[in-house]
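Contents: one structure, followed by commentary.
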Amino acid sequence: MDFLKLNTVSKIWALVFVAGLVFSNYYLYSTTNSKLESYKSEPPFLRFDFTDSYLVDRSSQAPYLADGNLDTEWRKLRPSSMKVDFDLELRLSHRLKSGIYVPTNWKGLNIIACSKNTPPLSLKVLEREAINVDKESRLPDDTEYSSIILDFSKSEIATIYLKKDASSVPQKEYPNGIWIWAVQGIFENIGPDSCIKDIQLFE
């Protein structure tokens, strides 16, 4: 009798193990597949703060430069280790719709400073090559779209208008004819006034 009970318990645990294995594999497949589909539409975007200002103040983080949240801020509190203070990838030039990458009508960029005391910001707008590999290993080429010095003394919001013709691209031809809008910026001054709330593309 004890042997029969032990045998039954063993079978139950075996079924639980197999069911758990099947469920975990299904979960892994479904989440990975959805991430891959998301990647095809919007690749992972890089955000770099070459000043590492978060070492001085944890509330100054590179993602805050383009997180769509005006309650967060980035401030230049340390000198940069590069020729620019920050490098941000913003959005893809196209959106995936029914197997075709259709150009998005991005009309411009809003650069939102923290106040009218924000010093001038030198900004480059770039068309960055969209490479279909993971974000750690891609080394894309950049084409400079424009370069401008922004003055916030009259308004906290500076606008740069974009005009770029693009064609639809079949999904199988990605990333040909597709790019990522990116920006690089540098403040001459270091301090709490060298402050950006957000950088936003708009349609």
| task | Enumerate the pairs (first residue in the stretch 182-203 and touching a residue at least 24 places away in the same chain (Cβ under 8 Å); second residue anywhere and among the aromatic types (Phe, Trp, Tyr) and open to solvent by 60 Å² or more (accessible area, probe 1.4 Å)) with beta-carbon separation below 8 Å, excluding pairs fewer than 6 apart on the same chain, so at least 6 apart or on different chains. | result | 198/64
| request: Name every residue in the stretch 65-103 that is part of a strand (DSSP E or B), open to solvent by 30 Å² or more (accessible area, probe 1.4 Å), touching a helix residue (DSSP H, G or I) at 6+ places or on another chain (Cβ under 9 Å) and not basic (Lys, Arg), in order of residue number. | output: 73, 96, 100
| field | Condition check for residue 183: in the same structural domain as residue 64 (by the TED database) and modelled with pLDDT of 95 or more | value | yes
| task | Could you check, for the stretch 40-62, whether at least one of its residues is touching a helix residue (DSSP H, G or I) at 6+ places or on another chain (Cβ under 6 Å), farther than 28 Å from residue 130 by Cβ and either small (Gly, Ala, Ser) or at pLDDT below 95 (or both)? | result | yes
| task | For the stretch 186-203, state whether one or more residues are among the acidic types (Asp, Glu) and farther than 28 Å from residue 79 by Cβ. | result | yes
| message | Based on this model, can you work out whether residue 122 counts as assigned by the TED database to the domain that holds residue 59, surrounded by fewer than 16 Cβ atoms within 10 Å (Cβ to Cβ) and part of a loop (DSSP other than H, G, I, E, B)? | response | no
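The values are calculated or read from the model by the stated rules, or taken from the named source; none is laboratory data. Given the structure is predicted, the values throughout are model-derived calculations rather than measurements. When we count neighbours, we look across all protein chains shown, and the Cβ atoms used for this are built from the backbone with ideal geometry, even at glycine. Ligands, DNA and RNA are stripped out before the accessible areas are found, and what is left, the full protein with its side chains, is counted by its heavy atoms. Shrake-Rupley method; radii C 1.70, N 1.55, O 1.52, S 1.80 Å.
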